[in-house]
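A.B. asks: Sharing a structure, written as structure tokens. Questions coming.
Rule-based calculations on the coordinates, nothing more; no lab input. Since we're looking at a predicted model, the values are computed, not measured. Counting neighbours? That spans all protein chains shown, and the Cβs are built from the backbone with ideal geometry, glycine included.
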Ligand code: SF4
Ligand code: FES
């Protein structure tokens, strides 16, 4: 069993200044997930009549993208290619001090404690992250359209983006390019995505800029910290798509 000191960002609401508060926790099993460890702390706080620490979570299996925790200065903690909910306490040592903070980006304002508002990502998706399909009864079976294996694989890889925002949180410019490029690439590589390709990339990039995300300066921290291993290759593809769309427009 492990004894730890947690240094957690507490912030009552968006207007509160916020501060780091120390919490000792004991009896933590190395087999617990990071979120289960926070559950133990919150149970203790509730029993003491104190306000539990607010943090986002849903699936707890690496697919929903909500568990946005900055742990010891890294998005999703010290392991690569996993989300905070998949992180286990065996990645830490007895006696460790662990800093736990929310994503830091102007476009992701803190709602409370460790929860940030990531609705900017929803608005970018709504600007173009979809295809329009004729559902009048004569819709072609998607499997009837042959797609090169290489393109299908790359589109699938792009589609594994879970919209967690770790790319933004780990970028010194708070750029959302990796996220947006994954969403653009997912369709740009498939014939089904061609009809709206021009509007899609222009509208999604416009919305990304309107939300206040920073520019990409090719540092690559996003690719390193992305739990799904989304490649920088997608950013290069989005830039090509954007240039082609601008010339057409
Ligand atoms: S690109 Fe990676 S880090 Fe960024 S939102 Fe998608 S899954 Fe998360
Ligand atoms: S809680 Fe769903 S990805 Fe972590």
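A.B. asks: Counting only Cα, what are the radius of gyration and maximum Cα-Cα distance Dmax of the stretch 108-155, in Å?
C.D. replies: That works out to 18.0, 50 Å for Rg and Dmax.
A.B. asks: Among DSSP beta bridges lying fully in the stretch 2-111, give the percent that are antiparallel, nearest 5.
C.D. replies: Bridges in the stretch 2-111 are about 75 percent antiparallel.
A.B. asks: Here's a follow-up. Using a simple spin-label model with points 7 Å from Cα along the Cα→Cβ vector, what separation in nm is obtained for residue 15 and residue 58?
C.D. replies: With each label point 7 Å from Cα toward Cβ, the separation is 2.9 nm.
A.B. asks: Now, a different point. Arranged by the count of other C-beta atoms within 10 angstrom, fewest first, what order do 228, 149 take?
C.D. replies: Starting with the residue having the fewest Cβ neighbours, the order is 149, 228.
A.B. asks: Normalising by the residue count of the chain, find the relative contact order in percent from Cα pairs under 8 Å and 6+ residues apart.
C.D. replies: Contact order relative to length: 20 percent.
A.B. asks: Just the number: Rg to Rh for the stretch 139-189, Cα atoms, Kirkwood Rh, two decimals.
C.D. replies: Rounded to two decimals, Rg/Rh equals 1.13.
A.B. asks: Could you line up 136, 68, 185 from fewest to most neighbouring Cβ atoms inside 10 Å?
C.D. replies: By the 10 Å Cβ count, ascending: 136, 68, 185.
A.B. asks: Could you work out the per residue convex hull volume over the alpha carbons of the stretch 2-111, in cubic angstrom?
C.D. replies: 105
A.B. asks: Could you give the length gained on full extension between residue 80 and residue 136, defined as 0.36 nm per residue of separation minus the Cα-Cα distance, in nm?
C.D. replies: Here the segment from residue 80 to residue 136 would lengthen by 15.7 nm.
A.B. asks: Please report how far the C-alpha centroid of the stretch 61-76 lies from that of the stretch 177-249, rounded to the nearest whole angstrom.
C.D. replies: Here the answer is 22 Å between Cα centres.
A.B. asks: Still on this model: For the Cα atoms of the chain, what angle does the longest principal axis make with the long axis of helix 177-188, in degrees from 0 to 90, nearest 10?
C.D. replies: Helix 177-188 sits at roughly 40 degrees to that axis.
A.B. asks: Take the Cα atoms of the stretch 61-200, build their convex hull, and give its volume per residue in Å³.
C.D. replies: So the per-residue Cα hull volume is 146 Å³.
A.B. asks: To the nearest 10 degrees, how steep is helix 119-128 against the longest Cα principal axis of the chain, on a 0 to 90 scale?
C.D. replies: Relative to the chain, helix 119-128 is tipped by roughly 10 degrees.
A.B. asks: Relative to the longest principal axis of the C-alpha atoms of the chain, give the angle of the C-alpha long axis of helix 34-47, reported between 0 and 90° and rounded to the nearest 10°.
C.D. replies: 50
A.B. asks: How do 98, 230, 20 line up, fewest other C-beta atoms within 10 Å first?
C.D. replies: If I rank by nearby Cβ atoms, fewest first, I get 20, 98, 230.
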